[in-house]
1. Could you please find all residues in the stretch B:107-128 being in contact with an Asp or Glu (Cβ under 9 Å, 6 or more places away or on another chain), within 8 Å of another protein chain (Cβ to nearest Cβ) and open to solvent by less than 20 Å² (accessible area, probe 1.4 Å)?
2. Among what's in the stretch B:180-191 and is outside any loop (DSSP other than H, G, I, E, B) and within 16 Å of ligand 2 (Cβ to nearest atom), pick the residue that is surrounded by the most Cβ atoms within 10 Å (Cβ to Cβ).
3. Quick check on the stretch B:201-215. Is at least one of its residues within 14 Å of chain A (Cβ to nearest Cβ) and either open to solvent by 50 Å² or more (accessible area, probe 1.4 Å) or on the phi < 0 side of the Ramachandran plot (or both)?
4. Could you please give the count of residues in the stretch B:170-179 that are open to solvent by 60 Å² or more (accessible area, probe 1.4 Å) and under 11 Å from the mean Cα position of the chain (by Cα)?
5. Tally time: how many residues in the stretch B:44-76 are in a strand (DSSP E or B) and under 21 Å from B:LEU197 (Cα atoms)?
6. Of these, B:LEU124, B:LEU200, which one is more than 16 Å from ligand 2 (Cβ to nearest atom), in the same structural domain as B:THR21 (by TED's automatic domain parsing) and out of contact with any Cys (no Cβ under 8 Å at 6 or more places or on another chain)?
7. Hey, among the residues in the stretch B:216-244 that are within 14 Å of ligand 1 (Cβ to nearest atom) and out of contact with any Ser or Thr (no Cβ under 9 Å at 6 or more places or on another chain), which one's nearest to the other protein chains (Cβ to nearest Cβ)?
8. Could you grab me the full set of residues in the stretch A:29-54 that are within 18 Å of the chain's Cα centre (by Cα) and open to solvent by 50 Å² or more (accessible area, probe 1.4 Å)?
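The values are calculated or read from the model by the stated rules, or taken from the named source; none is laboratory data. Worth saying up front: this structure is predicted, and the values here are computed from it rather than measured. Every residue, glycine among them, receives a Cβ derived from its backbone with ideal geometry; neighbour counts consider all protein chains shown. The protein model used for the area step is the full one, side chains on, heavy atoms only, and it has no ligands, DNA or RNA in it. Shrake-Rupley method; radii C 1.70, N 1.55, O 1.52, S 1.80 Å.
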Amino acid sequence: MPSPRFQVPERLKLVSTKLSYLLQETLRGLRRGGWMNWAAISTVTVLLFLLGVSLQTSWQVSGVLNRLGSRFEVAVYLQPETSGQEFQSQIAQFPDVSSIEVIPKEQAWQDLLADLGTTDIVGATEGLGENPLVDALKIQAKSAVAVPSLARQIARLRGVENVQYLDEALKHLTQLNRGFSQISLGIIALLTLTAIAVITTTIRLIVVARNQEIEVMKLVGATTSWIYLPFILQGITFGLVGALISWGLIVVTRQFIQAAFAQQPSFLRALGEGLQLTPWQTMVLPLILVGFGSIVGIIGSLFAVRRFASK
Amino acid sequence: MSSTFQRLQAQVETPVNDHYTVQLRSVCKVYPQTRFSLLDINLTLRQGDFLFVTGASGAGKTTLMKLIYGAERADRGEVRVAGTNVGLLKGNRLSHLRRKLGVVFQDYKLIPRWTVSENVAFVLRSQGVPKAEIERRLQPTLKLVGLQKRADCFPSQLSGGEQQRASIARAIVGSPKLLLADEPTGNLDQDNALQVLEILKKLNSLGITVVITTHDMGLIQTVKAPVAQLDSGRLQVVPAEQVL
Ligand SMILES: Nc1ncnc2c1ncn2[C@@H]1O[C@H](COP(=O)(O)OP(=O)(O)OP(=O)(O)O)[C@@H](O)[C@H]1O
Ligand SMILES: [Mg+2]
């Protein structure tokens, strides 16, 4: 009696036979496709590039928005010689306030100098005579709706020089971002349909050219999946190659833009840092491209073989 | 082979029995476009039988074959192969049944872009047989039909008879239980026809059921086998002894 150990290689052999068959047939299909392959791959590439870029941009915009501050934040700048500590308890009594952070002018000055890229604090302070800044308060409102009225109330207090909140600016930016997303979503949808159509056409041409083979295959007992899986794999190949190329393009453009920002003065450089993706986003982006590319490839090739397979 | 005839005679009374390799019961097939019809066909073949099917051109010989290998469906009645109703099979189950059959197509259906070896190996590849096993089976099969020297030729480089033998090689390489040969000697001269017939007889002696369609009466007379005659849509079986 053969031990179970000897059965594993047999099964492995069968799997490897099937895999090598599928691979060979897929390659044969690709060779047959000729320049049509490139038509399919380049449409997929353009689609995935656009998908990747708009996804990345929306991530970057929200990254920058986060850097600019929360929508719930009100910044209060006090008159000179007014201490932030005194205001803290007074403002804390407003019902819409959720938290208060006091930023003494010394700290603000240091932050500013750091932002400007100067480390010589003493020297800079001496140059100006003294710290030109004032104490400030960062107030978090409980809701975005409450921000404008809260700002107005605080502005009426004595000793308050100026109240700022980003609500308006943010609204515009967010709207811009949303508009951009919608437009690119529309274009992506159109390109997806185009890519599917091109893949379908490419593969259908090959299926039709091999119609005779396929008929004989059916007559000698090849199963439907055995016959059509190579075509599906071909579609997936289009998706994968397109994903790879577009991913490369996206990385290169991103690095190019970041390099351009790195040459700029420091506050623009800081903005450039806002464009940086988180490690998670960096990892997920290629996965999304590969996934979306494969799905488009599968749908395109399924359309190509559907009518034939059901015969 | 007279026992074959007795069984064929008794076909109408024979109940549907899974023991038989091929069984057609009250089969009707109509092509509305050409108004062609096969009417009430009854036929029973047991494992190891040898049968000629004859009839004029357009009598329905190829159609009968197609009904057996499931390329056409009966409008009425049933076709059973190895106990399964072919007309009801679909998808993978039909594919698996066809692996047990070998078919020599009247029009060969060889792929022009492939060599003889590739055309023959294709059957096994289509069924997922490992490469080594394909290699092992290819040579003996080609030798059996006398094509070992033509293994790397393309169909266009073969004579009609060689193409015919290539299609026979393809039909038998999968070790079928049932061989359906549609005019396997159609394009051959007397010598080659006899040669092919010898091959089919040899396969039959190995236990394979063989059905041959032909309109070559000379060929029929060289083998003592029953003949099923198609005429006006009906099938009539003539026992081996009465074949003139
Ligand atoms: N797919 C089809 N649709 C319509 N009519 C068909 C079809 N196939 C065959 N026929 C008709 O059925 C009849 C029988 O055809 P079949 O091919 O079975 O004849 P045959 O006996 O094999 O003839 P031959 O000896 O010339 O090969 C013919 O008259 C043909 O026109
Ligand atoms: Mg015919």
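1. B:ILE111, B:PHE122
2. Filtering the stretch B:180-191 for residues outside any loop (DSSP other than H, G, I, E, B) gives B:180-182, B:190-191.
So of that shortlist, the ones also within 16 Å of ligand 2 (Cβ to nearest atom) come out as B:180-182.
Numbers: B:LEU180: 24, B:ALA181: 28, B:ASP182: 24.
If we take residues in the stretch B:180-191 being outside any loop (DSSP other than H, G, I, E, B) and within 16 Å of ligand 2 (Cβ to nearest atom), then B:ALA181 is surrounded by the most Cβ atoms within 10 Å (Cβ to Cβ).
3. From the stretch B:201-215, those within 14 Å of chain A (Cβ to nearest Cβ) are none; that's our starting set.
No: the stretch B:201-215 contains no residue that is within 14 Å of chain A (Cβ to nearest Cβ) and either open to solvent by 50 Å² or more (accessible area, probe 1.4 Å) or on the phi < 0 side of the Ramachandran plot (or both).
4. Looking only at that region, the number is 1.
5. The number of residues fulfilling the criteria is 7.
6. Exactly one residue qualifies, and that residue is B:LEU200.
7. Here the answer is B:LEU235.
8. A:VAL46, A:PHE49, A:LEU50
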